[in-house]
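Some notes on the structure that comes next.
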C-alpha cells in the first residue's frame with residue numbers, strides 16, 4: 001500500500017477513495033459504500049485524488065472520467081504508474097466522446113473495471129466486492 005499504515009485505518013476494512021466532481025453522485029456512492037461497511041474517502045477532483053493517493057493507503061479508487069482541472073483519464077494514467085497494485089473503477093455518464101469509447105480508453109490506461117452512469121447500487125457493490133477481493 002502507498003504511504004504505509006495510516007493512523008486511522010480500520011483493521012480489515014477496505015478503504016475506498018472516490019473522485020467525483022458531482023457532489024450528489026459522490027454522496028450517493030459514498031453512502032452506498034459506507035452502508036456496505038467500507039471506509040470511504042471522498043475528493044471532488046483529480047488533483048485532490050492524486051494527493052490523497054500519495055499520502056493515504058487505499059484498496060480501491062473510484063474515479064469519474066469527466067472532472068475539471070485534472071480529469072479521470074489523467075488520474076487513471078498517473079495512478080496506474082505510481083500505484084499499479086491499486087485497482088481502479090472508472091465511472092462515466094457521458095461527455096464529448098462516446099461513453100463506450102471513453103471507458104475503453106480508461107481501461108487501456110489502467111482502469112481495472114468500468115461502470116456507466118447511471119448505475120444501481122447492486123452493480124456498484126458487485127464491482128467493488130470483486131475489485132477488493134471479497135466474495
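The values are calculated or read from the model by the stated rules, or taken from the named source; none is laboratory data. In this text, all values refer to a predicted model and were calculated from it rather than measured experimentally. With ideal geometry, Cβ positions are generated from the backbone for all residues, glycine too; neighbour counts draw on all protein chains shown.
Of the residues making up the range 106-118, those that are surrounded by fewer than 16 Cβ atoms within 10 Å (Cβ to Cβ) and either at pLDDT 95 or above or assigned to a helix (DSSP H, G or I) (or both) are 107, 108.
So that you can scan it fast, the table gives a plain yes or no per residue for (1) in contact with a helix residue (DSSP H, G or I) (Cβ under 9 Å, 6 or more places away or on another chain); (2) modelled with pLDDT of 95 or more; (3) surrounded by fewer than 16 Cβ atoms within 10 Å (Cβ to Cβ):
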site: 23; (1), (2), (3): no, yes, yes
site: 54; (1), (2), (3): yes, yes, yes
site: 76; (1), (2), (3): yes, yes, no
site: 135; (1), (2), (3): yes, no, yes
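All conditions in (1) assigned to a loop (DSSP other than H, G, I, E, B); (2) closer than 21 Å to residue 125 by Cβ; (3) modelled with pLDDT of 95 or more hold for residue 33, with the sole exception of (1).
The residues listed here are 104, 122, 69, 82; of these, the one that is within 16 Å of residue 49 (Cα to Cα) and free of Cβ contacts under 8 Å to residues at least 40 places away in the same chain is 69.
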